Amino acid sequence: MKTRALVVVDFQNDFCPGGALPVPEGDEIADTLNSYIERFTEKGLPVFASKDWHPAQTSHFKEYGGIWPPHCVMGTKGAEFHPALRLPEDAIILLKGDREDEDAYSVFQAHTEDGRPFKKVLEDMSIEHLYVGGLATDYCVKATVLDALKEGFRVTLLLDAIKGVDVEEGDSERAIEEMRQNGAETITIDGLVL
Ligand code: VGL
Ligand code: ZN
């Protein structure tokens, strides 16, 4: 049996309303994300949760050459998971963007708290199929899904557990289309069969 895992991308305070780089209605996916998490946990399937995790000075931020206001600075409240997120105790936490010279939109650029790259962890656990939800559809979710497909993973995008920034109107819709064209499957919770 091919092993599957859930990947919850960047469901952090700074990406939710009231945060430093809010995704409009970003917090509204909390219940659906939690439902997916419960379903995976019930089946004993692994749950990964990534954190955007930046130093205070990084080329990712406007002030140092990037395009974003400061957000998800490591150790701050904004970088914590949104309080509505209910992760199992054995959720595997991934950190990304912690160098001063990288954007690290993709969870494939993340590592565990003890320094193991995401891809290595997936290989060690024989995981071949990723179910991806979280924030933001048009940045970190998209980059993660496209990298996963490139690396040969089967990918299912969770349409009811993602929200986008839409810097330009339609960015999220275009991102979903691009992920589909590259081979991502899409479901909503009613279609989840584990
Ligand atoms: C993200 C913009 C900047 C994301 C991270 O998680 O989608 N977006 N940093
Ligand atoms: Zn970031």
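Data table
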quantity: Per-residue HN-Hα couplings for segment 156-168 [Karplus 6.51, -1.76, 1.60; θ = phi - 60°; Hz; x = Gly/Pro]; calculated: 10, 8, 8, 4, 9, 9, 9, 8, x, 7, 6, 3, 10
quantity: Cα long-axis angle, helix 171-181 against the chain (0 to 90 degrees, to the nearest 10); calculated: 40
quantity: Cα shape, segment 91-194, gyration tensor, a/c 1.5 rule; calculated: oblate
quantity: Contact order relative to length of the chain, as percent, for alpha carbon pairs under 8 angstrom and 6 or more apart; calculated: 25
quantity: 19 Å Cα-Cα threshold exceeded, pairs from LYS51/LYS142; LYS77/LYS119; LYS51/LYS77; LYS43/LYS142; calculated: LYS77/LYS119; LYS43/LYS142
quantity: Over 24 Å [Cα-Cα, segment 4-191], rounded percent; calculated: 31
quantity: Linear extension gain, ARG99 paired with THR3, 0.36 nm per residue minus alpha-carbon span; calculated: 31.5 nm
quantity: Surface per residue (accessible, 1.4 Å probe) for the chain, Å²; calculated: 47
quantity: Computed [θ] at 222 nm, deg cm²/dmol, the chain (DSSP H ≥ 4; -39,500 (n - 2.57); rounded to nearest 500); calculated: -6000 deg cm²/dmol
quantity: Accessible area of the chain belonging to carbon and sulfur atoms, whole % at 1.4 Å probe; calculated: 47
quantity: Protection proxy ranking, peptides 95-103, 114-122, average beta carbon neighbours within 10 Å, highest first; calculated: 95-103, 114-122
quantity: Rounded to 5, the percent of DSSP beta bridges in segment 4-191 classed as antiparallel; calculated: 15
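The values are calculated or read from the model by the stated rules, or taken from the named source; none is laboratory data. What you see is a predicted model, and the numbers here were worked out from it, not measured in a lab. Note that we place each Cβ from the backbone using ideal geometry, even for glycine, and neighbour counts take in every protein chain shown. Just the protein is used for accessible areas: all its heavy atoms, side chains included, with ligands, DNA and RNA removed. Shrake-Rupley method; radii C 1.70, N 1.55, O 1.52, S 1.80 Å.
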